[in-house]
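The values are calculated or read from the model by the stated rules, or taken from the named source; none is laboratory data. The structure presented is a predicted model; accordingly, all values stated were derived computationally and were not measured. Glycine gets a Cβ as well: all are built from the backbone with ideal geometry, and neighbour counts include every protein chain shown. Keep in mind that these areas ignore ligands, DNA and RNA; they rest on the heavy atoms of the full protein, side chains included. Shrake-Rupley method; radii C 1.70, N 1.55, O 1.52, S 1.80 Å.
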Amino acid sequence: MQVREIGLYAVVFILAVIFVYPLYVLFLISFVPVTYTFGQIYPAQFPVALTLQNIITSFHTVSLVNPLIRSFEVALMVATLSLAMGIPAGYGLSKIKSGIANIIVVLLFFVNMMPGIVVAIPIAAEFIRVGLYDNLVGIALSQELVVLPLSVFIMLGGFRSIPKDLDNQARVDGAGLLTSLGRISIPLVVPAVIVTFLLSWMTSWDEFTYAVIISPGNPTFPVQLYNYVTRALPYEASAFALIVTIPVIILAAILQKYLKGEYLTGGLVG
Amino acid sequence: MNDADSFSTPDVDRRNGGIRKQFQWKETYTYFMFIVPALAYVIALSFYPAAEAVFGSFQTPTKHFVLSNYSAVVSMGLVTSVVDTVIVSIGALVIQFLLALAIATILTKKFVGKGAFSTLIILPFGVATVVSGFIFSIVFSAVGGYANSFLVSLGLHPVNWYSNRYSEMVIVMFSDSWKNTPLVALILLSGLTSLSPTLRESAMVDGAGPLRRFLYITAPNVKGTMAIAMMIRGVSEFNIFALPLILIGYHPILLTTLVYENYNLSSVTLYYSYAAAVFLLIFILVFSSVIIWAGGVKSYASS
């Protein structure tokens with residue numbers, strides 16, 4: 001028994017190191033003086049000295065703020081759109097015959113299987129015509145495709161978990177459909193709403209394919225980071241990477257209790 | 001008739017005063033109206049553009065029907081890009097599933113520091129793909145790379161990770177797995193926790209070892225969950241784009257990077273990119289059909 005426990009802790013330790021190491025490297029290249037990182041053929045694995053100089057320098061040389069603001073706005077639009085379409089669709093699907101609902105769910109699932117890059121190029125061609133190319137609204141509209149199916153699944157799962165009698169009782173007591181939805185059903189699915197909003201937000205924050213194709217001239221942060229990497233600006237890139245990673249890590253840690261396999265598979269049951 | 005229907009009909013009758021009997025607006029239609037925006041959205045912005053790409057792959061800029069777009073992408077190395085895409089996808093899936101299975105199994109056990117462990121494991125899920133690509137480009141860089149620095153500190157020879165296309169693809173697989181294993185682990189964990197512990201215990205009492213317990217008890221019961229995780233990850237794996245673009249550029253070229261390399265809205269190569277895109281589309285449809293057929297994803301969201 002003793003040996004097995006030691007084995008378990010050894011595996012836990014090794015896995016934890018593997019998963020944390022890349023973030024540790026990001027920390028090193030951001031805070032250790034350049035002479036110990038990029039200046040070496042074999043950079044030091046431990047923080048031999050710490051400095052803020054790298055980050056300060058990169059803030060002086062390039063604009064990090066604008067792409068971040070853009071990403072923030074786009075993510076907000078995407079998350080709002082997810083709720084605006086996901087809540088009604090999830091509610092509607094929970095109310096119709098489950099056979100038909102499942103067909104629609106499968107249809108939405110097919111959208112997730114459409115390769116982003118395949119869909120994005122014709123969209124870009126259309127968006128040039130209607131003036132949404134190189135435009136934040138254009139990015140948000142296209143990125144919504146990535147998150148909408150999942151949002152509908154999550155909301156559907158939420159609405160299905162409400163006992164039918166509650167809604168029916170409200171209707172018997174004279175509440176209209178919208179009143180019942182707003183006063184009874186939605187307050188009961190607040191966790192699903194939060195998960196939908198945050199997952200959509202995070203997905204958009206991370207999304208690269210649509211952003212680089214629809215709006216190369218008005219880049220969000222992932223596209224800008226890609227630009228820095230290809231233009232061989234590693235200090236700027238690392239400062240940028242660090243700034244955007246810290247909030248998302250905090251968010252992921254908070255989200256952890258909501259992150260359940262059932263949500264991520266969109267309520268699909270094997 | 002479902003519950004909502006039979007319940008609501010009297011309500012509608014009362015409102016309309018029973019005057020219009022020929023056509024009755026059932027409440028089910030109202031519920032359908034709730035779904036319409038989402039459906040219209042995906043048809044307009046996903047299905048329609050996909051069809052446009054398929055048509056575009058057979059067109060010239062002057063809208064003539066041709067097959068030359070396909071011969072153009074074949075001469076650009078379409079065949080190798082298909083092979084490489086398959087290698088990267090399958091390799092990454094294998095790494096992710098082995099790691100995720102280990103993590104999920106560990107998380108079903110009780111041990112000190114479990115909370116901290118699960119938080120650490122979930123972190124990469126929150127890291128942007130582009131950021132992870134950037135970090136791994138530094139880890140595996142030939143000069144000033146942390147992987148080589150580690151090898152040298154162990155007294156081993158440094159490796160030039162960019163010396164051939166196989167090791168380059170390994171970098172991509174590894175970076176992708178780092179970011180996506182947490183997701184797979186979470187999905188598998190939900191399958192493992194739904195498994196009754198008494199099943200495993202009784203198998204243990206009957207003398208089944210760990211391997212046989214896994215093969216005959218655990219694996220058949222998490223098969224559905226596995227298929228779903230495989231489907232979700234497999235499709236994204238074929239679509240892998242930002243990571244190879246940052247880590248290895250266009251050498252070796254994958255299907256997605258081949259599409260992107262030809263993407264130019266004001267040039268004939270736009271139609272080449274459509275042709276490459278069609279291959280990607282076919283690929284993903286074939287893959288998901290195989291998974292659905294083999295994995296037995298029987299019921300969708302049937303609660």
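Close amide-amide hydrogen proximity is noted between B:Gln59 and B:Val66, each under 5 Å apart and 5 or more residues distant or on a separate chain (H modeled in the peptide plane; Pro and chain starts excluded). Taking segment A:2-51 as the region of interest, what is the percent of Cα-Cα pairs per 10 angstrom bin, listed from the shortest bin to the one with the maximum distance? All Cα pairs, binned at 10 Å, distribute as 24, 36, 22, 15, 3 percent. Can you send over the carbon and sulfur percentage of the accessible area for chain A, probe radius 1.4 Å, protein chains only? In chain A, the share of accessible area belonging to carbon and sulfur is 69 percent.
In vacuum, with every alpha carbon of the protein assembly as shown counted as one equal point scatterer, what does the Debye formula give for log10 I(q)/I(0) at q = 0.06, 0.10, 0.13 Å⁻¹? Two decimals, please. Those come out to -0.34, -0.92, -1.44, one per q.
Scanning chain B for trypsin sites (Lys or Arg not before Pro) in DSSP loops with at most 11 other Cβ atoms within 10 Å, what's the longest stretch left with none?
Longest gap between qualifying sites, sites excluded: B:111-297.
Report the A-B buried area as the accessible area lost on both sides summed, probe 1.4 Å, in Å² to the nearest 100. Using a 1.4 Å probe on protein heavy atoms, the buried area is about 9100 Å².
Once both axes come from the Cα atoms, what is the angle between helix A:190-206 and the longest principal axis of chain A, in degrees from 0 to 90, rounded to 10? Tilt relative to chain A: about 40 degrees. Each other residue within a Cβ distance under 15 Å of A:Ile18 adds +1 if Lys or Arg and -1 if Asp or Glu, for a net charge of 0.
Across the cross-link table entries B:Lys114/B:Lys223; A:Lys97/B:Lys109; A:Lys164/B:Lys179; A:Lys164/B:Lys109, which are compared at the Cα atoms, the separations over 31 Å belong to A:Lys97/B:Lys109; A:Lys164/B:Lys179; A:Lys164/B:Lys109. Label-to-label distance for A:Asn168 and A:Asn102 is 2.2 nm, based on points extended 7 Å past Cα in the beta-carbon direction. In this structure, the amide hydrogen of B:Tyr162, modeled 1.01 Å from its nitrogen in the peptide plane, lies closer than 5 angstrom to no residue at least 5 positions away or on a different chain. When exposed loop sites are taken as chymotrypsin sites (Phe, Trp or Tyr not before Pro) in a DSSP loop with at most 13 other Cβ atoms within 10 Å, the longest stretch of chain B clear of them is B:112-303.
Couplings 3J(HN,Hα) for segment B:230-242, derived from phi with the Karplus relation 6.51 cos²θ - 1.76 cosθ + 1.60 (θ = phi - 60°), are 4, 5, 4, 6, x, 4, 5, 5, 5, 8, 3, 9, 4 Hz, where x marks Gly and Pro. Surface exposure of segment A:1-101, expressed per residue as accessible area with a 1.4 Å probe, stands at 51 Å². Between B:Leu67 and B:Val112, the contour length at 0.36 nm per residue exceeds the alpha carbon distance by 9.9 nm. Say R0 is 25 Å: what FRET efficiency, to the nearest 0.05, do A:Ala175 and A:Leu83 get from their beta-carbon distance? Step by step, r from the Cβ atoms, then E = 0.70.
Shown in residue order for segment B:65-75 are the 3J(HN,Hα) couplings computed by the Karplus curve 6.51 cos²θ - 1.76 cosθ + 1.60 at θ = phi - 60°: 7, 9, 10, 5, 4, 5, 5, 5, 6, 5, 5 Hz (x for Gly and Pro). Among A:117-126, A:6-15, B:180-189, A:69-78, sorting by the average number of other beta carbon atoms lying within 10 angstrom of each residue, highest first, gives B:180-189, A:117-126, A:69-78, A:6-15.
The C-alpha atoms of chain A define a longest principal axis, and helix A:98-113 lies at about 20 degrees to it.
In deg cm²/dmol, rounded to 500, what helix-only [θ] at 222 nm does chain A give when every DSSP H run of at least 4 residues adds -39500 (n - 2.57) and the total is split over its residues?
Values: 13 runs with 198 residues, N = 270.
So the calculated ellipticity at 222 nm is -24000 deg cm²/dmol.
Note on segment B:182-265: along the principal axes its Cα atoms extend 64, 20, 17 Å, ordered by decreasing extent. Remark: segment B:58-173 is approximated by an ellipsoid whose semi-axes, taken from the C-alpha gyration tensor as √(5λ), come to 38, 23, 14 Å, largest first. In this Cβ point-charge picture (+1 for Lys and Arg, -1 for Asp and Glu), chain A has a dipole of about 420 debye about its Cα centre.
Could you tell me the calculated FRET efficiency between A:Ile18 and B:Ser167, based on Cβ-Cβ distance and R0 = 22 angstrom, to the nearest 0.05? Approximately 0.70, to the nearest 0.05. In segment A:27-132, the ratio of gyration radius to Kirkwood radius, Rg to Rh, stands at 1.23 when only Cα atoms are counted. Rounded to the nearest 0.05, what FRET efficiency do B:Phe150 and A:Phe110 have when you use their Cβ-Cβ distance and R0 = 51 Å? Between B:Phe150 and A:Phe110 the formula returns 0.70. Estimated from helical segments only, the mean residue ellipticity of chain B at 222 nm is -22000 deg cm²/dmol, where each DSSP H run of four or more residues counts as -39500 (n - 2.57).
Charged neighbours of A:Pro216, selected by a Cβ distance under 15 Å, balance to -1 (K, R count +1; D, E count -1).
If you line up the long axis of helix A:234-255 against the longest principal axis of chain A, both from Cα atoms, how many degrees apart are they, to the nearest 10? The helix A:234-255 is inclined about 40 degrees to chain A. Count the net charge of all other residues whose Cβ sits under 12 Å from the Cβ of A:Val74, scoring Lys and Arg as +1 and Asp and Glu as -1. Neighbour charge sum, excluding A:Val74 itself: -3. Evaluated on segment B:68-295, the Kirkwood hydrodynamic radius is 19.7 Å, with distances taken between all distinct Cα atoms. How many angstrom lie between the Cα centre of segment B:190-208 and the Cα centre of segment A:57-104? For segment B:190-208 versus segment A:57-104, the Cα centre distance is 40 Å.
Ligands, DNA and RNA are left out, and with a 1.4 angstrom probe the accessible area of chain B is 46 Å² per residue. Per the Kirkwood formula applied to alpha carbons, segment A:65-264 shows a radius of gyration over Rh ratio, Rg over Rh, of 1.04.
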